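Pasting in a structure now, in C-alpha cells, and then I'll have a few things to ask.
The values are calculated or read from the model by the stated rules, or taken from the named source; none is laboratory data. These numbers were taken from a predicted model, which means no experiment stands behind them. For neighbour counting, all protein chains shown are included, and Cβ atoms are generated from backbone atoms with ideal geometry for every residue, glycine included. Please note that ligands, DNA and RNA were not included when accessible areas were found on the heavy atoms of the full protein model with its side chains. Shrake-Rupley method; radii C 1.70, N 1.55, O 1.52, S 1.80 Å.
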Amino acid sequence: MSKRSHRNTDESPEKQENSSLEKIINTDGIEEASLPERDGSSEVSKEDVAVSVFEDALGNAGYRQPSYKKRKKIILTVAIAVLSLIFVAICTFVAFKLFGGKDYDRTDEFYFSSDFLTAQGASIAQNGKISFELYNYQDDLRTSIYDIEAFDIKVSADGKDITDKCKISESKTKLNKNKKESSKITIDLPDEYFRKDVDVTVKSEPNAVTLKGTFTVTPLWSWKLTGEQGSITATLTLSNDKAGSYTVKWDGEALTADSTNRFISASEDDDKCTVTLEDGESCEIVFFKKDVKAEYFGFGGELPVSVERNSGGDDK
C-alpha cells in the first residue's frame, strides 16, 4: 500500500468530517452531475444543494434541528395567550358598560333643587294654591352639566294619588344644561283638600333625583258657621282676598235664612242664594235654628250650610 493511502486511513473520523464540511461549504467545486433532483426538477441551484448537504452534515455531527411539532406547539401557545388577552379585554369592557358608574351619581356635576322641596321632605304652609320653583343649579358657581328634560310631579292626600284631580302648571318643562334656569310650578287643589296635608313629589328626568314636600293650603276665601247651643241663631261668615261669586246653600229643615239680608232677599230660592264679594270684602248671613239645642261651629262636614266658589279672580 502506498504512503498516500496509508495517510488517509490514519486520519480520525472527526478530521475526515471537518474535511468533508470544508468541501461542502466550498460550493464552487460541486459538479452539476452531482446535484440532487427536487420537486421533479433537475435544475437546482448550488446554494440549495449546499444548504441541504450542510443540514445533513449538521445532523450527522450531532446538532439537533428544531422539531416541527415543537414549533407548532409554540405557535399554538402564543395564539391561545393572545386570544385570552382579547377575551379578558372584552369582558372588562362589557362589565364597565353594565356596572360602571352612572352620570346622575356624580353629585358634584348634576344639580336639581327647589326653593321649598328637599330630598328629605319639608312642611310648607301656603295660601290659595301650592307654588314652588325648581332649579338646575346649587349656587352661582355650581350649575348642572346635564339637561333636565322633564319633571314627574305627583300629588297625594289622605293616602291617595290625587294628581289627576289637580291642575298643574309649569313655566318651563325643561331646564337646559350649563346655565342657571328655573321653572315655577303651581298646583290648584280641589276644595276638599284645603287645610289638609298634601304631599308633593317631583322626580327629574332622565337623571332621577326626587324632591318632596308636605303642603297645607288655606284658601283665599273662607267661611265659617257659628251657632252656640241654646242660641236661636247661627251665623255664616264668608270672606275672600280676591273678588268672586259664591253659592250658599242651607238645609231648610234645620235653618231658616234671615230674609232682611240683601243676598237672601235677592234670591228666588228658599234654600240657596248667590253672594258676590269684591277684593277683601266679607259678609255675614244669619240663620234661625229650628232646634235651639243644636250647636254648629266650623266649615263643611255635617253642617247644614255649604259654600261653593263660582268664579272671579283667583278661583282658589
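Answer with yes or no whether SER267 is assigned to a loop (DSSP other than H, G, I, E, B) and either out of contact with any helix residue (DSSP H, G or I) (no Cβ under 6 Å at 6 or more places or on another chain) or surrounded by 12 or more Cβ atoms within 10 Å (Cβ to Cβ) (or both).
yes
Further question on the same structure: Looking at (1) assigned to a strand (DSSP E or B); (2) closer than 30 Å to ASP147 by Cα; (3) among the small types (Gly, Ala, Ser), which is the only condition SER222 fails?
Result: SER222 fails condition (2) only.
With respect to the numbered conditions (1) open to solvent by less than 70 Å² (accessible area, probe 1.4 Å); (2) among the aliphatic types (A, V, I, L, M); (3) in contact with a Lys or Arg (Cβ under 7 Å, 6 or more places away or on another chain), which one is the sole condition not fulfilled by ILE232?
(1)
Quick check on ASP152: is it modelled with pLDDT under 95, out of contact with any Phe, Trp or Tyr (no Cβ under 9 Å at 6 or more places or on another chain) and surrounded by fewer than 15 Cβ atoms within 10 Å (Cβ to Cβ)?
On the way: modelled with pLDDT under 95: no; out of contact with any Phe, Trp or Tyr (no Cβ under 9 Å at 6 or more places or on another chain): yes; surrounded by fewer than 15 Cβ atoms within 10 Å (Cβ to Cβ): yes.
Against the criterion (modelled with pLDDT under 95, out of contact with any Phe, Trp or Tyr (no Cβ under 9 Å at 6 or more places or on another chain) and surrounded by fewer than 15 Cβ atoms within 10 Å (Cβ to Cβ)), ASP152 does not qualify.
Same structure again: Suppose the filter is open to solvent by 20 Å² or more (accessible area, probe 1.4 Å), in a strand (DSSP E or B) and at negative phi; does THR260 pass it? Reasoning before the result, please.
On the way: open to solvent by 20 Å² or more (accessible area, probe 1.4 Å): yes; in a strand (DSSP E or B): no; at negative phi: yes.
Taking the combined requirement at face value, the residue does not satisfy it.
For residues in the range 270-296 being under 17 Å from ILE232 (Cβ atoms) and of a type in the set (Val, Ile, Thr), which is surrounded by the most Cβ atoms within 10 Å (Cβ to Cβ)? Spell out how you get there, then give the answer.
The first filter runs over the range 270-296 and keeps only residues under 17 Å from ILE232 (Cβ atoms), leaving 284-296.
If we keep only those that are of a type in the set (Val, Ile, Thr) too, we end up with 285-286, 292.
Numbers: ILE285: 23, VAL286: 16, VAL292: 14.
The selected residue is ILE285.
Answer yes or no as to whether GLY252 is closer than 22 Å to LYS129 by Cα and assigned to a loop (DSSP other than H, G, I, E, B).
On the way: closer than 22 Å to LYS129 by Cα: no; assigned to a loop (DSSP other than H, G, I, E, B): yes.
So GLY252 fails the test.
Show the residue pairs that are 6+ apart or on different chains and have beta-carbon atoms under 8 Å apart, the first residue being within the range 112-134 and among the basic types (Lys, Arg), the second being modelled with pLDDT of 95 or more and open to solvent by less than 60 Å² (accessible area, probe 1.4 Å).
Matching pairs, first to second residue: LYS129/THR186; LYS129/ILE187.
Out of the residues in the range 134-145 that are open to solvent by 40 Å² or more (accessible area, probe 1.4 Å) and not β-branched (Val, Ile, Thr), state the one that is modelled with the lowest pLDDT.
Of the residues in the range 134-145, the ones open to solvent by 40 Å² or more (accessible area, probe 1.4 Å) are 135, 137-142, 145.
In the following step, the residues that additionally are not β-branched (Val, Ile, Thr) were identified as 135, 137-142.
Values: TYR135: 95, TYR137: 92, GLN138: 86, ASP139: 86, ASP140: 83, LEU141: 86, ARG142: 88.
So the residue we want is ASP140.
Please work out which one of (1) out of contact with any helix residue (DSSP H, G or I) (no Cβ under 9 Å at 6 or more places or on another chain); (2) modelled with pLDDT under 95 is the condition ASP197 fails and give its number.
Condition not satisfied by ASP197: (2).
Please pick out the residue among LYS242, LYS293, LYS212 that is part of a loop (DSSP other than H, G, I, E, B), of a type outside the set (Val, Ile, Thr) and under 46 Å from the mean Cα position of the chain (by Cα).
Details: LYS293 fails: under 46 Å from the mean Cα position of the chain (by Cα); LYS212 fails: part of a loop (DSSP other than H, G, I, E, B).
Going through LYS242, LYS293, LYS212 in turn, just one is part of a loop (DSSP other than H, G, I, E, B), of a type outside the set (Val, Ile, Thr) and under 46 Å from the mean Cα position of the chain (by Cα): LYS242.
A further question on this structure: Quick one: VAL209 ticks every box in (1) at pLDDT 95 or above; (2) over 30 Å from THR247 (Cα atoms); (3) of a type outside the set (Gly, Ala, Ser) bar one, so which box is it?
Every listed condition holds for VAL209 apart from (1).
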